[in-house]
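Taken together, the values in this text are just the output of simple stated rules run on the coordinates, not laboratory data. Note that this is a predicted model, so its numbers are computed, not measured. Reconstructed Cβ throughout: ideal geometry from the backbone, glycine too, with neighbour counts over all protein chains shown.
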Amino acid sequence: MKQIIIDCDPGHDDALAILTAIANSEKLRILGITTIGGNQTLEKVTINAKNILSFVEANVPLATGQTGPLIKPLNVAPEAHGNSGMDGPFFDGGDYPVVSNNAVMFMYEKLMASESKVILVGLGPLTNIALLLKTFPEIHEKIDYISIMGGGLERGNYTSLAEFNIYVDPEAAQIIFDAGIQIVMSGLDVTEKAEITVEEIHSLKNKGRVSHLAYELLHFYNKSGRQFGFINSPIHDLCAIAYIINPHLFSGEEYYVDVITEGKARGLTFADKRLVQENDKNTFVLKEVNREGFVQLLMDSLVVLDER
């Protein structure tokens, strides 16, 4: 069984990634979930995480992390996810405990206590994970690899060059790409192909309780996505979890990837594609996805949670 820690900023697609991870308990053991200020403030994304975990009566430790990036102020994205960071569903206010307000120490303790290597999953800005790696370099050997949703070799989305998660804290992303730990990058190159159709979204409406929650999340997310030119809905963050569950759904290529931290190209992730390079390849960049299999994984996961 693979052991994971999910660092996130829920987020509609974060929520679906978390639900899918919880549903696949025979393949994944979630050691904890940590939150990071990203698509909305730390307070709001933590409330969203608590709402999702409470809704499915999860038994996963939740910790809060950094309020913003290492250096510059936080940029939130209400235009994509709404003022709450996860607009659409209504939750009845069921609370969920937070076990720590120090995500870095929480992750460190979980890693050190684990007898096997752990996969870190970064679904938001990478600030918490970067601080973990810099503060406790001895834990590098405890990490199997880092699966991130972020970046893009062909284009950006927050700017023409930069994807949102990397743009928010490129300094943190650079620390991670330079850490010498294997990275699996679910960037826009693949996530924009990992879409669920309008018809598939509507098929969830009259199913079980958790499927209906997914419908509410995706219904808002689909409407919001129209302003960015999408007809169907890419479920970006789910890719970073889906790869861990079933890597055969994806294909990609190994590159040396680095990040621009300043100027007009701030947040740009780029790959060295020269035939002769001075740097070792550090990242498996996902490029293609079996869309139907990807959506089926989500649908099957929701059925599991509906039946619990």
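Relative contact order of the chain, taken over Cα pairs closer than 8 Å and 6 or more residues apart, is 20 percent. Share of antiparallel DSSP beta bridges in the chain, in percent to the nearest 5? Within the chain, antiparallel bridges account for around 30 percent of the total. Expressed in Å, the radius of gyration and Dmax of the Cα atoms of the stretch 256-303 are 16.9, 49.
Taking a Cβ cut-off of under 13 Å around MET1, the surrounding Lys, Arg, Asp and Glu residues balance to a net charge of +1, with basic ones at +1 and acidic ones at -1. Net charge in the neighbourhood of TYR256 (other residues with Cβ under 10 Å of its Cβ; Lys, Arg +1, Asp, Glu -1) is -2. Report note on the peptides 253-262, 39-48, 197-206: ranked by the mean count of other C-beta atoms within 10 Å, highest first, their order is 39-48, 253-262, 197-206. In this structure the amide hydrogen of VAL285, modeled in the peptide plane, comes within under 5 Å of the amide hydrogens of MET185, GLU253, GLU254, TYR255, none closer than 5 places in sequence on its chain. Shown here for the stretch 61-112: chymotrypsin sites (Phe, Trp or Tyr not before Pro) in loop regions (DSSP other than H, G, I, E, B) with at most 12 other Cβ atoms within 10 Å, namely PHE90.
Note on the stretch 150-218: semi-axes of the ellipsoid equivalent to its C-alpha gyration tensor, largest first and rounded to whole Å, are 32, 14, 11. Among complete DSSP H helices in the chain, those whose alpha-carbon atoms stretch at least 20 Å along the helix's long axis and whose mean Kyte-Doolittle hydropathy reaches -0.5 are 209-225, 291-307.
If you take the alpha carbon atoms of the chain and fit the smallest convex hull around them, that volume is 121 Å³ per residue. For the stretch 105-141, the set of GluC sites (Glu not before Pro) satisfying both a DSSP loop assignment and a count of at most 10 other C-beta atoms within 10 Å is given as GLU115. Is the shape of the stretch 45-113 rounded, prolate or oblate, going by the alpha carbon gyration tensor and its root eigenvalues a ≥ b ≥ c, with a/c under 1.5 for rounded and a/b larger than b/c for prolate? Verdict is oblate for the stretch 45-113.
Averaged over residues, the count of other Cβ atoms within 10 Å places the peptides 116-126, 213-223 in the sequence 116-126, 213-223, highest first.
Fewest neighbouring Cβ atoms within 10 Å first, the residues MET185, MET299, MET1, MET107 line up as MET1, MET299, MET107, MET185. For the chain, the mean residue ellipticity at 222 nm estimated from helices alone is -10500 deg cm²/dmol, where every DSSP H run of n ≥ 4 contributes -39500 (n - 2.57) and the total is divided by all residues, rounded to the nearest 500.
Within the set LYS110/LYS193; LYS193/LYS273; LYS2/LYS44; LYS223/LYS264; LYS44/LYS117, which residue pairs have Cα atoms separated by over 24 Å? From LYS110/LYS193; LYS193/LYS273; LYS2/LYS44; LYS223/LYS264; LYS44/LYS117, over 24 Å: LYS110/LYS193; LYS2/LYS44; LYS223/LYS264; LYS44/LYS117.
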